[in-house]
Every structure is written in C-alpha cells, then in structure tokens.
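Please read the structure below before turning to the comments.
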Amino acid sequence: MAFQSPDNEKGRGAQIDPPNRFERFHAEPDFEHFCGEDEFQRSLRTTFVSDQTRSIISENDSPDLNFRYSLNPYRGCEHGCAYCYARPTHEYLGLSAGRDFESKILIKERAPELFREWLSRQKHEPTTVVFSGVTDCYQPAERNLKLTRGCLQVALEARHPVGIVTKNALITRDLDLLQAMAELKIVSVAISITTLDAELCRTMEPRTSPPDSRLEAISKLAAAGVPTLVMAAPIIPGLNDSEIPEILKRADEAGAASASWTLLRLPLSVRPVFLDWLHRTQPTKASRVESLIRASRDGALNDSKFGSRMRGGGQLAEQIQRAFRVFARKYGLDRPLPPLETSLFRPPPEAGQLRLF
C-alpha cells in the first residue's frame, strides 16, 4: 500500500510513493503521532544528484516510435505530471515512481561531452536523435544547468539531425541555436499540450509551462522557421478528449505545422499515482473518467502491446481517433513534418583521435 502525506504537497503531481517492484521492503511513515515542523516536508524539496553515466544515448526498438536513438540529460522529472509514463524508470535506481521521481533528479553533467564522443565514433551514421525520449530535456533544472543547450551546440557543430519533445516554454531560450539548425534542416520540435485549462494543467502538470506559454513557444519557434508539431497528449477520456478541436485550432493559429496524439497509458506504478491524483483532484469526475479509460482499453486500465498501447481499442478509442483526424485535417495539421537532413553531418570539431575507435 502506498503512503500519502497528511496534507497535499503543493507543486507535486504525486502525493504517494508506490512500492518499488524491485525492492523486497517498503517503508511507510506512521502519521498517527505526526506533529509539528516535519522531516517529511523537508524531504520533498527537490534534490539533485550527479549521474556519472558513461553513455548518453539510448537505443529504441519499439515499433510504436519513429526514432532509433534518444538523448536524456536528466533522470526523473520535476514537472511532476501525474500521468507520466516514465515514472517506473526511477525504480531501476532503487527509488519510487511517485514523489521520488519528481523530487530526486539525477543530472548527467557530462551530457554534451558524451554526446560529442558518441558522434565521433568511426562508424557513426547520422540519423535523428530525439531529445527527451524519456524525461523532459527542458525541465526546470535546465534553466541553470544548460545541459540540453550544450548538447544542441554539439549537434549544430556536427550538423547532426535532432528532434526535440518538450512541454516547457523554456525551449525558446535556445532559439538562436534552433534557428541556425532549422536553416540547415536538422531540427524539428514537438510541443505537448494536454489541456487548455490552466487550472487543470496546474494540478496535473504542476511544474511545467501553462498552456498559453506553450502556444506562445510554438509561435516563436514557427516564426524562427523551426518545424513544429503539437502533441495532444495524453488524451484522457472524460477529462480532456473534448478539448481536441480547440487544441488543434489554437496550435494552427500559433503556427504549428503538424499534430499527433496518444492515449493515456498507465503502466506499472504509473497507475496508482495517476488514480490517486484523479480521485484526489477530480472527485466528481473520477469514477466516470476511470470507467471511460477502461472503455478505451477494452476493459483494462492499460495495454502494453505494441501497436495498440498508444491508441487504445474499442469504440471509444476509435471515436477519439476519428475526431482527431477530422480536426487535424480541418486545420491542415494532418501532414508529417519534413524529413531532417543527414547529408551535412561532419565529425564534431576537436574530436581528436576518437574517430580511430
């Protein structure tokens, strides 16, 4: 059983810590005698730990994703989205997919250096590397650490194609690099907009940019010539599915060139975190939303099968998909982004003898 604080912690999507599926024991604070200024509250402050990993690139073999390689400068994500499918990755570190995931962030301080080394391999063949294949590369820590910016500088030097996925308007800080890369046709960006309701966004995605800021980011990226896609993701039946037409309309007005969507996924320890959030923050809607999630997953809360895990199944899932297609076509967002250029690649400057290996 997961534990919950006696008072909701502001700015956190998760209020519980589900048991780690890899650990034999699970500690639960006893709040029966809880009083006064608390170690519990102090523990919720975000802490950052240096990650001395020797690699920065992950390889993807899922047929549901259209990229092979991803780059993630951070493990865990302070955005704290209640539905985040990446939460279970923190369990590999001996941490919780709940509050640990958004309050204990590992930073890969050598990310730009490791990316340079990877691009300098003798047999390297350029193909798009997606920034944020797992956690958001523009989460709050990036404002000061600038690891994503450092990796973009390496990509620009090497003229290597990059795709970026984020829900944070902080990406506009790097417009100088992104515009230069766009001129070479080696960058595209996907901005996630889950809802246009600022209050829902604040509770469901507590430490990321509000909807209007994301739309403004799309506008700035488009004005700089950066091909930008809006992701209506995740679609949560009964909660934000009715917003699909307006999200696509506003994205089109902002200058987005394409659109995509995914259905809510609740794998492993994401399920208790999201359901706790749902019943705690949406008490009048919770039962109906949970029922509709099941209706879009053929009676289950999750489906891990390739091909259906991103889209769901059953009549409701088909209705959502049809609605998305109709409005994407109406606003001219039903075409893919142009392919990125790979022929311009050159070994990163100052690579030295790395290319001998």
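A few comments on the model shown:
- Residues that are part of a loop (DSSP other than H, G, I, E, B) and either among the aliphatic types (A, V, I, L, M) or buried (at least 24 other Cβ atoms within 10 Å of the Cβ) (or both), drawn from segment 49-71: 56, 65
- Considered as a group, the residues in segment 197-215 that are in contact with a helix residue (DSSP H, G or I) (Cβ under 6 Å, 6 or more places away or on another chain) and outside any helix (DSSP H, G or I) include one that is surrounded by the fewest Cβ atoms within 10 Å (Cβ to Cβ), and that residue is 210.
- Tally of residues being more than 19 Å from the chain's Cα centre (by Cα) and either without any contact (Cβ under 8 Å) to a residue 12 or more places away in the chain or in a helix (DSSP H, G or I) (or both) across segment 216-236: 4
- Qualifying residue in segment 91-104 (condition: in contact with a Pro (Cβ under 7 Å, 6 or more places away or on another chain), of a type in the set (Lys, Arg) and either buried (at least 21 other Cβ atoms within 10 Å of the Cβ) or at pLDDT 85 or above (or both)): no
- Selected residue (criterion: surrounded by the fewest Cβ atoms within 10 Å (Cβ to Cβ)) from residues of segment 182-193 that are part of a loop (DSSP other than H, G, I, E, B) and in contact (Cβ under 8 Å) with a residue 60 or more places away in the chain: 184
- Any hit, segment 167-177, residues being assigned to a loop (DSSP other than H, G, I, E, B) and farther than 26 Å from residue 126 by Cβ: yes
- Residues of segment 163-180 satisfying the condition of being buried (at least 24 other Cβ atoms within 10 Å of the Cβ) and either over 28 Å from residue 80 (Cβ atoms) or hydrophobic (A, V, I, L, M, F, W, C) (or both): 164, 171, 178
The values are calculated or read from the model by the stated rules, or taken from the named source; none is laboratory data. Source: prediction; values computed, not measured. Don't worry about glycine lacking a Cβ; one is built from the backbone with ideal geometry, like all the others, and counts go over all protein chains shown.
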